[in-house]
Amino acid sequence: AARKAGGDRLVVYSHQLNAEAGERLDLESLLRHAVERNELELHYQPQQALHDGGLIGFEALLRWRRHGKLISPADFIPLAEESGLIVAIGNWVLEEACRQISVWQAEIGQRVVVAVNISPRQFAAPGFLSHLEELLATTHVDPSCLELEITESVMVEDAESAIALLHRLRALGLKLAIDDFGTGYSSLAYLSRFPIHKLKIDQSFVRNMHAVREQGAIVQATIGLGHSLGLTVIAEGVESETQRAMLSAWRCDEIQGYHYSRPLPAASALNFLEGSLQLQAA
Ligand code: C2E
Ligand code: MG
Ligand code: MG
Ligand code: MG
């Protein structure tokens, strides 16, 4: 049966997968086996510095490949969260991102930064910190090459524990970012206590900022807020040159979106990386 909290898109998928399997649906068990069956993969979306147009790093975005088709995280992350599978999936994502960082660094002889999305339940799970410590120790990845993206919602449940954990993650040398900033319920008082490095302005504000004055005002104010807290500010969902130019004029630090690049499979991301190194050298 389709799951309550999964939303409409998941319901649609449930029916599709159900029909496909020709038997009673168990999307949850399909997802449960996705890790073992090697059906998960990461795509990488480049992030660009506005001051010189250079590549900053990549955001790793999860995909589920079933029968050749890619299923978007929006269609299975909610179920994974609800069922607790997110912990195993999230660990796989962290391991794969670290593996990829090592492979790329060996390939190009330079450090590569990769940001990974951490779901609230994964963040709150016991063992999250120790798993990360172990992973960094075994892969020898420089912690500052790994950025964790968390959402404001981690503060809602238990802000004090969240802040304490962020301090410990930061002490490991990891980079920390708040994803989808502006869409949650965090108070500015808590934000100032979050030991983070970066704010990611949600794409919903960026989408209409050139057309709707108020949206532009929110983006501009968020850039100012981030800078007064000493944070790097990146805008998500930048699709046009108009948006890029506005963000640059407002002194936003970085952009991510289709204008610079779509998320890329690992092999294409390496090409992108090599291309930007050549630009830099030229
Ligand atoms: P997010 O972390 O905010 O990631 C940005 C989303 O915006 C990605 O969708 C990306 O493909 C999309 N995007 C990037 N540039 C543009 C643009 O210019 N225009 C538009 N319209 N969209 C753009 P995607 O890959 O479908 O991921 C959706 C969400 O799923 C992510 O939002 C994140 O919250 C979650 N997610 C993805 N991978 C993981 C993961 O490994 N673990 C967890 N827990 N969540 C993940
Ligand atoms: Mg993200
Ligand atoms: Mg986001
Ligand atoms: Mg999002």
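The values are calculated or read from the model by the stated rules, or taken from the named source; none is laboratory data. Keep in mind the model is a prediction, meaning the values are calculated, not measured. Cβ: placed from backbone, ideal geometry, glycine included. Neighbour counts: every protein chain shown. Ligands, DNA and RNA are excluded from the accessible area calculation, which covers all protein heavy atoms including side chains. Shrake-Rupley method; radii C 1.70, N 1.55, O 1.52, S 1.80 Å.
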- prompt: Which of rounded, prolate, oblate describes the chain, given a ≥ b ≥ c as roots of the alpha-carbon gyration tensor eigenvalues and a/c under 1.5 marking rounded, otherwise prolate only if a/b is larger than b/c?
  reply: rounded
message: Per residue, how much accessible surface does segment 25-101 expose to a 1.4 Å probe? Answer in Å², no decimals.
response: 38 Å²
message: Around Ser228, under 15 Å between beta carbons, what's the net of Lys plus Arg minus Asp minus Glu among the other residues?
response: +2
Glu36 paired with Ser144, simple spin-label distance in nm, labels 7 Å along Cα-to-beta-carbon: 4.1 nm
message: Using Cα-Cα distances under 8 Å and only pairs 6 or more residues apart, what relative contact order does the chain have, in percent?
response: 17 percent
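Would you calculate a helix-derived [θ] at 222 nm for the chain, using -39,500 (n - 2.57) for each DSSP H run of n ≥ 4 and dividing by the full residue count, to the nearest 500? Could you put the intermediate results ahead of the total?
Values: 13 runs with 140 residues, N = 282.
Result for the chain, helices only: -15000 deg cm²/dmol.
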task: Choose one answer from Ala211, Ala49, Ala269: the residue with the largest mean-square fluctuation in a GNM of the chain with alpha-carbon springs under 10 Å.
output: Ala211
field: Fraction of antiparallel bridges per DSSP, the chain only, in percent to nearest 5
entry: 45 percent
message: Tell me whether segment 222-270 comes out rounded, prolate or oblate; compute the Cα gyration tensor, take square roots of the eigenvalues as a ≥ b ≥ c, and use a/c under 1.5 as the rounded threshold.
response: oblate
Taking all pairs of distinct alpha-carbon atoms in segment 161-245, Kirkwood radius in angstrom: 13.6 Å
message: Just to confirm, what accessible area per residue do you get for segment 120-246 at 1.4 Å probe, in whole Å²?
response: 46 Å²
- request: Calculate the spin-label point distance for Asp26 paired with Arg99, positioning each point 7 Å from the Cα along the beta-carbon direction, and give it in nanometres.
  value: 2.6 nm
query: From the square roots a ≥ b ≥ c of the eigenvalues of the alpha-carbon gyration tensor of segment 204-249, which class results: rounded (a/c under 1.5), prolate (a/b over b/c), or oblate?
result: prolate
message: Computing the accessible area with a 1.4 Å probe over protein heavy atoms, can you report the carbon and sulfur percentage for segment 62-181?
response: 54 percent
query: Mind ordering 112-125, 65-78 by average Cβ neighbours within 10 Å, highest first?
result: 112-125, 65-78
